[in-house]
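Have a look at the structure below before the remarks.
The values are calculated or read from the model by the stated rules, or taken from the named source; none is laboratory data. As the structure is a prediction and not an experimental result, all values here were calculated from the model. So basically every Cβ, Gly included, is an ideal-geometry build from the backbone, and we count neighbours across all protein chains shown. We work out accessible area using only protein heavy atoms, side chains counted, and drop any ligands, DNA or RNA first. Shrake-Rupley method; radii C 1.70, N 1.55, O 1.52, S 1.80 Å.
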Amino acid sequence: MRRKITAILAIGIILGLTGCQGIIPFVDETVATVEAPAETEELYPGPPREDWETIAAFPEKTDRTQIEEEKDGVKLIVATDIHYLASELTDKGTGFIHSMEYGDGKITNYIWEITDAFVAEVLDERPDGVILSGDLSYNGEKASHLELAEKLGRIKDAGIPVLVIPGNHDINNNSAARIEEEQRLPAEKTSPEDFETIYRAFGYEDAVSRDPNSLSYMYQINDSTRILMLDTCQYHGGAQVGGMIDTDTYEWIDNELEMAFEEGVNVIPVAHHNLLEESRIYSEDCTIEHNEELLERLEGWGNIPLFLSGHLHVQHFSNSDDVAGEGIWEIVTSSLAVPPCQYGVLFFGQDRSFNYHTRILDIEMWAGIEGKEDPNLINFSWYRTPFLERVFYNQAYKWLERRKDVLTQEQIVQMSDFYATAKCYYYWGRAVEIAEEMRASQMFRLWQEYGYPSLETEYLEYILEEATMDYNSLKSEE
């Protein structure tokens with residue numbers, strides 16, 4: 001089912017708040033059939049394209065009945081990598097939009113509305129707590145942290161605890177900037193002291209224990225469960241991408257885990273960086289340095305069944321015991337700022353049972369309630385997917401242009417579309433749905449033959465190699 005963009009917008013209006021449930025399967029033979037928005041055509045590399053292929057819209061919200069709550073458990077909303085940018089730091093002009101189209105998939109041009117919709121859903125959902133596992137800001141701008149904290153205050157004021165930790169973007173980031181008239185100009189950075197002061201009400205002031213050597217803390221979420229919020233970031237002397245834990249912080253962790261064990265309290269550890277090697281492509285900067293030290297400690301006590309993280313921007317999970325699956329499960333929640341703009345809902349029982357699933361933000365419903373008139377907001381289920389496809393298409397096209405000596409223009413376009421589709425599904429944790437078709441595709445063979453040496457080709461092979469399951473729900477065995 002393929003339509004021009006004008007038809008898509010019309011259907012979005014007709015469907016109103018319900019969205020569309022179908023997913024268009026990958027079709028290898030076609031090049032493109034949905035027209036790119038006119039206002040961004042000039043941003044695409046190469047000759048202007050007449051048509052644009054797109055995956056069908058996401059459903060706006062997953063079924064709220066997927067988790068059966070129990071009286072002795074705790075219900076948590078888990079979100080990460082908001083990358084919030086203060087509205088005062090951009091003129092929302094051509095330069096800003098260009099940086100989104102050639103970025104990493106974040107819809108920062110609508111991050112204010114995404115954040116407001118998230119706050120509204122949290123207030124409607126009434127969880128026992130909200131966990132935000134780092135990269136709260138776009139690039140560590142102090143103004144971004146201040147503006148986000150003000151929005152999170154609505155959740156706190158409603159009696160719902162909000163727990164935050166920093167990500168690698170948040171503190172002492174030399175890339176902190178405002179974007180004006182196609183220029184990036186310096187903005188005030190955030191120090192560790194600033195971060196703690198700004199987010200004092202979001203975990204720090206009510207912590208049962210604080211690590212004196214980092215921004216880590218322990219929070220008692222209910223009588224049977226504590227949340228171990230781990231600061232894995234390196235920001236002294238300037239922000240670094242990779243994560244690690246200092247020796248002194250390990251001593252604090254040891255004391256906290258021993259105390260929790262002796263008191264019969266369960267622990268859910270949370271970090272920005274990954275505990276396990278969730279990505280073969282980005283393991284160096286995504287996995288905590290010397291992660292085996294932390295893993296050994298967590299597995300040793302027997303009261304820690306899962307670990308929550310972000311950073312990767314990809315929906316994923318894995319188990320520390322590759323063979324039996326009896327180790328610690330790590331759940332990596334995808335970025336709230338990257339389509340489909342989703343978060344996790346976690347029920348954690350007193351018996352350490354857990355049930356996790358993702359939920360897609362219902363931007364369209366929020367836009368209707370708020371009386372928004374922007375067509376991209378009132379038809380957001382039709383806007384977000386083509387946006388992400390364009391970003392990934394641009395990444396592939398940029399590389400494939402170098403192979404014009406062996407590839408035709410049509411092949412470059414088709415291979416770029418192929419890459420965009422594969423990477424979208426991988427980010428969504430749903431690559432298993434299209435993996436078989438893509439492995440058999442002529443476009444995949446072309447990538448293998450002409451795509452090396454490139455990270456894009458390695459990425460494609462990795463995506464299809466590990467596409468064995470849907471990563472949007474995970475439930476512990478009874």
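Step by step: first the residues of the stretch 60-93, then only those that are open to solvent by 40 Å² or more (accessible area, probe 1.4 Å) and either at pLDDT 85 or above or among the small types (Gly, Ala, Ser) (or both), then the one that is nearest to the chain's Cα centre (by Cα). Which residue is that? Working first, answer last.
We begin by selecting, within the stretch 60-93, every residue open to solvent by 40 Å² or more (accessible area, probe 1.4 Å); these are 61, 63-66, 68-72, 87-88, 91-92.
Keeping just the survivors that are either at pLDDT 85 or above or among the small types (Gly, Ala, Ser) (or both) gives 87-88, 91-92.
Numbers: Ser87: 21, Glu88: 24, Asp91: 25, Lys92: 23 Å.
Here the residue is Ser87.
Filtering the stretch 423-468 to residues that are under 24 Å from the mean Cα position of the chain (by Cα), open to solvent by 80 Å² or more (accessible area, probe 1.4 Å) and touching a residue at least 60 places away in the same chain (Cβ under 8 Å) leaves Glu433, Glu458. Per the listing Asp211, Asp248, Asp206, the residue uniquely surrounded by fewer than 20 Cβ atoms within 10 Å (Cβ to Cβ) and within 23 Å of Trp301 (Cβ to Cβ) is Asp248.
The residue that is most open to solvent (accessible area, probe 1.4 Å), among those in the stretch 124-157 that are in a loop (DSSP other than H, G, I, E, B) and more than 26 Å from Ser99 (Cα to Cα), is Arg126. I'd like the residue in the stretch 134-184 that is touching a helix residue (DSSP H, G or I) at 6+ places or on another chain (Cβ under 9 Å) and polar (S, T, N, Q) and, out of all such residues, is modelled with the lowest pLDDT. So the residue we want is Gln183. Counting only helices (runs of 4 or more DSSP H) that sit wholly inside the stretch 372-435, those with at least 2 residues that are of a type in the set (D, E, K, R) are 380-400, 409-427. Taking the numbered list (1) touching an Asp or Glu at 6+ places or on another chain (Cβ under 6 Å); (2) over 24 Å from Ser99 (Cβ atoms) in turn, Glu121 passes all entries but (1). Of the residues screened, His357 is not one that is modelled with pLDDT of 95 or more, surrounded by 23 or more Cβ atoms within 10 Å (Cβ to Cβ), within 30 Å of Tyr110 (Cβ to Cβ) and of a type outside the set (D, E, K, R). The residue list Cys233, Cys286 contains one member that is more than 18 Å from Glu299 (Cα to Cα), modelled with pLDDT under 95 and not polar (S, T, N, Q), which is Cys286.
When residues in the stretch 440-467 are screened for being assigned to a helix (DSSP H, G or I), within 21 Å of Gln315 (Cα to Cα) and in contact with a helix residue (DSSP H, G or I) (Cβ under 6 Å, 6 or more places away or on another chain), 5 of them pass.
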